[in-house]
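A quick write-up on the structure given underneath.
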Amino acid sequence: KSACQVAPGNPEVLTLVGNLHLSLCDWKPAQNVFNQLLEQKIPNVEAYSMLCLGNIYFNNLKTPGRYSKHLKYAGDFYRRILNKDHADAFAANGLGTIMAEKADLLRAKETFNNVREISGDSIPDALLNLGHIYLALSKHPEALQMYQNYLERTNQSDTPTSSKSRHEDEAEILHYIAFTYFDW
């Protein structure tokens, strides 16, 4: 609050405030902040804001009566980023999640593999997403490998990969691993 009072409209301050709302899953206030940043038309800030807005819509697919609308909006934001920067691995990863959600598993797999090649270790979510794709394709050994690689990479980092705690993140991945063994 203090930073916003001292520097109202400052892109760095607003980005931090938006990220704080995202970490708390306060979707509406986060959406308002990133829409405000989008209006400033600052290239790097604009791309980041579109990515966050796409992620907000994707994270809210389960809102009753809004599934199709939110899926479309999320995809639109990811595509807008990729139209400006074809190498944006974060937007490509988001677009892969849209493909997976639409059951276009082979294209989603190809997209996540491309993200993995381009980003190296910087986007571990591509591994997690590949694990989900392989599981859906009943390729259990490959799914296990992706989940275990994801777990290794995220354990090397100090920050949780979601708004949850590190222990909750790890428990979720172990759940995926256990389910993969069960399904196999």
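If R0 is 35 Å, the Cβ-Cβ spacing of Asn19 and Leu106 corresponds to a FRET efficiency of close to 0.55. Angle of helix 89-101 to the longest C-alpha principal axis of the chain, folded into 0 to 90 degrees and rounded to 10: 60°.
First measure r as the distance between the Cβ atoms of Glu12 and Asp85, then evaluate 1/(1 + (r/R0)^6) with R0 = 22 Å and state the FRET efficiency to the nearest 0.05. Efficiency for this residue pair is about 0.60. For the pair Leu137 and Lys62 in one chain, pulling the backbone fully straight at 0.36 nm per residue adds 24.7 nm over the alpha carbon distance.
At the listed q of 0.12, 0.22 Å⁻¹, the Debye profile of segment 1-79, built from one uniform point per Cα, gives log10 I(q)/I(0) equal to -0.33, -0.96. Under the simplified labelling scheme, the Ser2-Asp26 pair shows an inter-label distance of 1.7 nm, with each label point 7 Å from Cα along Cα→Cβ.
Among Gly54, His140, Ala89, whose Cα sits farthest toward the positive end of the charge dipole of the chain (+1 at Cβ of Lys/Arg, -1 at Cβ of Asp/Glu, about the Cα centre)? Of the listed residues, the answer is Gly54. The angle between the Cα long axis of helix 27-39 and the main principal axis of the chain comes to about 60°, on a 0 to 90 degree scale.
On a per residue basis, the chain carries 58 Å² of accessible surface, using protein heavy atoms and a 1.4 Å probe. Simple point charges give the picture: +1 on the Cβ of Lys and Arg, -1 on the Cβ of Asp and Glu, and for the chain a dipole about the Cα centre of about 680 debye. P(r) tail, the chain: Cα-Cα pairs separated by more than 25 Å, 38% of all pairs.
Summary value for the chain: 12 percent relative contact order, contacts being C-alpha pairs under 8 angstrom separated by 6+ residues.
The calculated 222 nm mean residue ellipticity attributable to helices in the chain amounts to -24500 deg cm²/dmol, summing -39500 (n - 2.57) over DSSP H runs of n ≥ 4 and dividing by all residues.
The Cβ shell under 13 Å around Tyr67 holds other residues with a net charge of +4, Lys and Arg each +1, Asp and Glu each -1. Only protein atoms count toward the accessible area here, which uses a 1.4 Å probe; on the chain, the carbon and sulfur part of that area reaches 54 percent. Once you sort the root eigenvalues of the Cα gyration tensor of segment 75-184 as a ≥ b ≥ c, which label holds: rounded (a/c under 1.5), prolate (a/b larger than b/c) or oblate (the other case)? Verdict is oblate for segment 75-184. Against the chain, whose longest principal axis is taken from its Cα atoms, helix 166-183 shows a tilt of about 30°. For segment 73-136, just say rounded, prolate or oblate: build the C-alpha gyration tensor, square-root its eigenvalues into a ≥ b ≥ c, call rounded for a/c under 1.5, and beyond that prolate if a/b exceeds b/c, oblate if not. The shape class here is oblate. Taking every C-alpha pair closer than 8 Å and separated by at least 6 residues, the mean separation divided by the residue count of segment 47-128 gives a relative contact order of 23 percent.
Here Gln36 and Ala171 are evaluated by their C-beta separation; at R0 = 30 Å the FRET efficiency comes out at 0.25. For Tyr150, neighbours were defined as the other residues whose beta-carbon sits under 12 Å from its Cβ, and their charges (Lys and Arg +1, Asp and Glu -1) total -4.
The values are calculated or read from the model by the stated rules, or taken from the named source; none is laboratory data. Predicted model, so just to flag it, every value in this text is computed and none were measured. A quick note on method: Cβ atoms are made from the backbone with ideal geometry, for glycine too, and the neighbour counts reach across all protein chains shown. Areas reflect the complete protein model, heavy atoms only, side chains present, ligands, DNA and RNA absent. Shrake-Rupley method; radii C 1.70, N 1.55, O 1.52, S 1.80 Å.
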